[in-house]
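As structure tokens, the structure follows; a few thoughts come after it.
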Amino acid sequence: MNSVLRAKSADAKFGVYFIGTTPPRATSSLENVEAVADKLLARLDKVDFDGLIVYDIQDESSRTDIKRPFPFSKTFEPCHYSQILGIKTKKPIITYKSVSQKTKEEFSTWLDNSWQLYGVRDIVLVGSPSAKGKQSLSLVDAYQVQKAHRFNYYLGGVTIAERHASKGDEHLRMINKNTQGCEYFISQAVYDASATIDMLANYARECRLRNIQPRRIILTFTPCGSEKTLEFMKWLGIAIPNATKWRILEAANPLAESIKICRANLEQIIENCMSLNIPLGLNIESLTNRKEEIDASIRLYKLLKATLDLALAEREFQVVEQEFTLANKS
């Protein structure tokens, strides 16, 4: 059985919508892991979503000299957690995989096991967090191994608007990843709309110049309810303008304020990029295990899904209206 998500995501007229989550700690018993999954799905009981994204959390201390705001701890095997969630939800699960610590042979074995033992069909490969970090397998080599592999994974890549803001070439990286097998992209959390707009505009322009179809881009958003969470976001490399930082921290309700900011950022992206004909999607995550922020991420999901759905419906109406006008003229 191939990816259900590939077929679902193919129609650019519709958005695709995900909830991002992290596996429980590696020390958790299978019974506790099941309980954590049930708790998450109980929160999503009345939520209309297309699938879940399960992250592969790595120690990224090599990326920066700044101390990690929350201590790193290993997690339960992401593929196994994806399997548990997939069985419970009957929905597609995108599983992240950090490849830098694997050899080519080990990664090929991982591809075999993930497909056959855990039923994984949809993956996003992630390289080393830093050039300074120890690396057995580059992302480019991992793409080559995956492309030659016998199983037809629905492969995605990560896109980072902050990298585009500093280097100006993220759109070229995306096109290069596409040639290496990536069929969709998931962004880092958006808190600087202008950087994302610039990246998307450059990507659409480059696709037009090369006469290729833009791939679906899933935009990630996350609520922020405290200074500690904000520090963690900055540690992860998420760009947060100073005015946005103080707007959140000085608000009477920081979580509610961050939700307003995320909605405004999505509306800016829609206003500037909907005409670019890039298929879009959303991924809403909570970066902490604080109940308040997890609940806020569900509220944020509902709000942003409604916002993008409305924009897509309006665009489709305009297309139909234009076709009707042209047909009447002829």
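Only the coordinates and a few stated rules stand behind these numbers; no lab work does. If you're wondering where the values come from, they're calculated on a predicted model, not measured in any experiment. All Cβ positions, even for glycine, are placed from backbone atoms using ideal geometry, and neighbour counts span all protein chains on display.
Considering Cα pairs under 8 angstrom that are at least six residues apart, work out the relative contact order of the chain and quote it in whole percent. It would help to have the intermediate numbers written out before the result.
On the way: 528 pairs, mean separation 60.5, N = 330.
Dividing the mean separation by the residue count of the chain yields 18 percent.
Skipping prolines and chain starts, which residues have an amide H placed within reach, meaning under 5 Å, of the one on residue 158, given they are 5 or more residues away or on another chain?
Residues meeting the criterion, in which the H sits 1.01 Å from N, are 186.
Quick one: what are the phi-derived ³J(HN,Hα) couplings along the stretch 229-243, Karplus 6.51/-1.76/1.60 with θ = phi - 60°, whole Hz, x for glycine and proline?
Whole-Hz 3J(HN,Hα) from phi for the stretch 229-243: 5, 4, 4, 5, 4, 5, 4, 6, x, 6, 7, 10, x, 4, 4.
So, by mean Cβ neighbours within 10 angstrom, what's the order for 109-115, 253-259 with the highest one leading? Present the calculation step by step, with values, prior to reporting the outcome.
On the way: 109-115: 16.7, 253-259: 19.6.
Highest-to-lowest ranking by the protection proxy: 253-259, 109-115.
Hey, which of these cross-link pairs are over 29 Å Cα-Cα: 167/245; 102/177; 13/167; 8/167; 97/167?
Details: 167/245 24 Å; 102/177 20 Å; 13/167 31 Å; 8/167 33 Å; 97/167 25 Å.
Pairs exceeding the cut-off: 13/167; 8/167.
Taking springs between alpha-carbon atoms closer than 10 angstrom, which of 43, 121, 216 fluctuates most in the Gaussian network model of the chain?
The residue that fluctuates most here is 43.
Which one of 168, 224, 199 is farthest out on the positive end of the charge dipole of the chain, using unit charges on Cβ (Lys, Arg +1; Asp, Glu -1) and the Cα centre as origin?
Result: 168.
Taking amide H positions as placed in the peptide plane 1.01 Å from N, state which residues far from residue 51 in sequence (5 or more) or on other chains have amide H under 5 Å from it.
Amide H neighbours of residue 51, under 5 Å, 5+ apart: 17, 19.
For a label point 7 angstrom out from the Cα of residue 228 toward its Cβ, which stretches of the stretch 270-310 have the backbone nitrogen within less than 18 Å?
So the set is 286-297.
Please sort 209-215, 52-58 by packing, taking for each peptide the average over its residues of neighbouring beta carbons within 10 angstrom, highest first.
On the way: 209-215: 12.6, 52-58: 21.3.
Ranked from most to least packed, the peptides come out as 52-58, 209-215.
So how do 49, 76 line up by other beta-carbon neighbours within 10 Å, fewest first?
Working: 49 18, 76 21.
Going from sparsest to densest Cβ surroundings: 49, 76.
What dipole magnitude, in Debye to the nearest 20, does the chain give about its Cα centre under +1 on Lys/Arg Cβ and -1 on Asp/Glu Cβ? Walk me through the intermediate numbers first.
Numbers: 44 positive and 39 negative charges, 85 e Å.
Computed about the Cα centre, the dipole is about 400 debye.
Give, rounded to the nearest 20 debye, the magnitude of the charge dipole that the stretch 172-273 has about its Cα centre when Lys and Arg contribute +1 at Cβ and Asp and Glu contribute -1 at Cβ. Provide the component values of the computation, followed by the final result.
Working: 13 positive and 10 negative charges, 77 e Å.
That gives the stretch 172-273 a dipole magnitude of about 360 debye.
Residue farthest toward the positive end of the dipole of the chain, with Cβ of Lys/Arg at +1 and Asp/Glu at -1: which of 94, 111, 294?
Result: 111.
Check cross-link reach from residue 305 to the aspartates and glutamates: straight Cα distance under 12 Å, and skip same-chain residues fewer than eight apart.
Cα-Cα hits under 12 Å: 48, 50, 267.
Step through the residues of the stretch 276-288 one at a time and calculate ³J(HN,Hα) from phi using the Karplus curve (6.51 cos²θ - 1.76 cosθ + 1.60, θ = phi - 60°), rounding each to whole Hz and writing x for Gly and Pro.
Each residue of the stretch 276-288 in turn: 7, 6, 8, x, 10, x, 10, 10, 10, 10, 10, 7, 10 Hz.
Suppose we keep just the alpha-carbon trace of the stretch 4-329; what are its Rg and Dmax in angstrom?
Over the stretch 4-329's Cα set, Rg and Dmax evaluate to 19.6, 68 Å.
What are the residues whose amide H is under 5 Å from the amide H of residue 281, where those residues sit 5 or more places off or on another chain and H is modelled from the backbone?
Under 5 Å from the amide H of residue 281: 16, 217, 218, 219.
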